[in-house]
1. Evaluate the following for residue 354: is it away from ligand 1 (no atom under 16 Å from the Cβ), surrounded by 21 or more Cβ atoms within 10 Å (Cβ to Cβ), outside the structural domain of residue 381 (by TED's automatic domain parsing) and under 15 Å from residue 505 (Cβ atoms)?
2. Looking only at segment 83-106, which residues are away from ligand 1 (no atom under 11 Å from the Cβ) and over 23 Å from the mean Cα position of the chain (by Cα)?
3. Being out of contact with any Gly (no Cβ under 8 Å at 6 or more places or on another chain) and either surrounded by 23 or more Cβ atoms within 10 Å (Cβ to Cβ) or at pLDDT 95 or above (or both): is that true of residue 133 here?
4. Hey, could you check segment 315-357 for residues that are under 13 Å from residue 381 (Cβ atoms) and among the basic types (Lys, Arg) and say which is modelled with the highest pLDDT?
5. Hey, among the residues in segment 357-368 that are assigned to a loop (DSSP other than H, G, I, E, B) and in contact with a strand residue (DSSP E or B) (Cβ under 8 Å, 6 or more places away or on another chain), which one's farthest from ligand 1 (Cβ to nearest atom)?
6. Residue 538 versus (1) at pLDDT below 95; (2) closer than 21 Å to residue 293 by Cα: which is the lone unmet condition?
7. Of the residues that make up segment 609-623, is at least one buried (at least 18 other Cβ atoms within 10 Å of the Cβ) and within 25 Å of residue 264 (Cα to Cα)?
8. When you go through (1) away from ligand 2 (no atom under 16 Å from the Cβ); (2) touching a residue at least 24 places away in the same chain (Cβ under 8 Å) one by one for residue 502, which number turns out not to apply?
Amino acid sequence: MSIEVELPDGSILEVDENSTVEDVAYEIGKGLGDDTVAGKIDGELVAKEEEVSDGDEIEIVTEDSDEYIDVLRHSAAHVFAQALKRIYGDEVKLTIGPWTDEGFYYDIEGLELEQEDFEEIEEEMRKIVEEHLEIKHEKLSREKAEDFFEDNEYKRQILEEEASNEGQGSSQDGSSASELSEDKVSFYKQGEFKDLCKGPHVSSTGEIEAFKLLEIAGAYWRGDEENEMLTRIYGTAFPGEKDLEDFMEKRREAEKRDHRRIGQEMDLFSVPEHAPGAPHYHRKGMIIRRELEEYIREKNAELGYEEVWTPELNKANLWKKTGHYEAFKEDGEMFAWEQNDEEYGLKPMNCANHSHIFDSNTRSYKELPIKLSEFGTVNRNEQSGELSGLLRVRVMTQDDGHAYLRKDQIEEEVKAHLEKIIEMYDEFGFDVNFIMETKPGKAQGPDELWDEAESSLENAMDEVVGEYEVKPEEGAFYGPKIGVEVEDAIGREWQLGTVQLDFVIPRNYGLKYQGEDNKEHYPVMIHRAILGSIERFMGVMIEHFAGDFPTWLAPEQVRILPVTDENKEYAEKIREELSDLRIGIEDRSWTVGKKIQAAHDDNVPYMLILGDDEEETQNLSVRDRKEREEDGVGLEEFRKALKKETEEKKLEPDFLA
Ligand SMILES: [Zn+2]
Ligand SMILES: [Zn+2]
């Protein structure tokens, strides 16, 4: 018997039944067969020993494939586990150890590890690498597998889950196992170490040239707060030292910019224990937030938006009308409860409330588009384990907006939004990439509307954006989507804004307008957030600027440093003269050098050093955070320059440039 598989170039290959990925590779050519590390079946990474089935799409993974790094990192996780076993013996219980985008982790139990232990473990890992142990695939009967994990209830649970087919079953999990038909379980073995594993792996421990253990964290077994807390050790691996060094350098740079640390040092915000995922803005953080809001308000007005405000607390039946109830409540993502015999909730989205406002009047085609914007605070019950600073929160304020329009207005509106998005991100020094996601399989709404809307989006993207990525069939069920991804100062990518068309909410909610033909029509809806949410944008922005905010955003724009205590009175006078700027006075009796250092540490864009000379000449000695200096600057000259700098939203202090 033979079966047919499809290769990446679309060609069909006939192979024997029960062929493995590796057999397929040999069928294509001996060289490829020899080089095979792993494979992909219908897009999922699998071991080369995996059997293929009729109709599968097969890709062969070699050392040159993008997926090779994932395979290598998973093998590194095994080397880590083997090293632990060598050092700590049966004291340590292994659970799961998958690869990640940045490396790998292994969750363990029974061992209190500290950062200081890494050196010893890494040394043992180095030995294992130098032993060049062959990594071999092995199949065990279920019974033997259970015996093997007699003392490890976690691995036994994985086996059980697999048997009842409730397990995750993905090789990404790294711990999953089994080929049920034969009731055999898949293991990988290297030297004396053996682990339940679906693979794939590199062929020898010797291939893992560069690796590093990174940090220790806690993680619940199976991500469930009801379960045991395990110890998670993160590490990474690369095919060569140079790649690892580059990675570590980037990581150090990212750590320096960590918004949680900068947020604390600059006293911008906190996320206290009493409000998980709900950031509190302190005075200085609130200054930045207010500046951002004013900025967005201005841009929204330019796009023709009218600002509204809608409440967080609503009856849950509001979201039954739009379909959000199903999407959010049933996933446990919405905060909702019974009160006075009614179900209430906190809004997870602003769309429904804005639709109410649209619906509160009869609308004519002449009024369209109607555009409503709001700094809309929404609440979503994100898993507590995933909360982090300003980047992953439960309470956030979106720079939300909804436009209700006729379908002949789609192209023009989308163009205007795209232009504004590019303009705005440019003002923060971000590069923007656009991603268009088109009609998915489970789409709702009329087909001809989808076709028309997609071609309008395409026209708008071609004209305004030029080059962009298309993700076919990844749009929402209610309409096609444009995602906005920005690249920060150190090249990291963040998904922030979005422009989405919606054909479904207007129908669900029964929104209507009177057309030129005197008949009632459904409007098309655009959901858009330009910066995304204030929280997430601020988090990304803090890291992007590393706390060195442009002067227009800096909580303290200028700090006056009196040379001696005798100059303090004059400092006060200057502060009054420049009262349209945000000015602080350093009143600690330190040396000027120490005062300058403190202002640098606090990321203040400008310093005015005022001593007897300055008092006498009535001029200013100006210094900026880029360590440029100028004496004899007139007060009026400085005031005007800073006014211009903030109005033009210059990214760096400009006056002494
Ligand atoms: Zn594994
Ligand atoms: Zn919306």
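1. When the stated conditions are applied, residue 354 does not pass them.
2. If the condition is that a residue be away from ligand 1 (no atom under 11 Å from the Cβ) and over 23 Å from the mean Cα position of the chain (by Cα), then 83, 84, 85, 86, 87, 88, 89, 90, 91, 92, 93, 95 are the ones that fit.
3. No.
4. The residue in question is 347.
5. For segment 357-368, the residue satisfying everything is 362.
6. With (1) at pLDDT below 95; (2) closer than 21 Å to residue 293 by Cα applied to residue 538, the lone miss is (1).
7. Scanning segment 609-623 turns up no residue that is buried (at least 18 other Cβ atoms within 10 Å of the Cβ) and within 25 Å of residue 264 (Cα to Cα).
8. The number of the failed condition is (1).
The values are calculated or read from the model by the stated rules, or taken from the named source; none is laboratory data. Just so you know, these numbers come straight off a predicted model, no measurement behind them. Don't worry about glycine lacking a Cβ; one is built from the backbone with ideal geometry, like all the others, and counts go over all protein chains shown.
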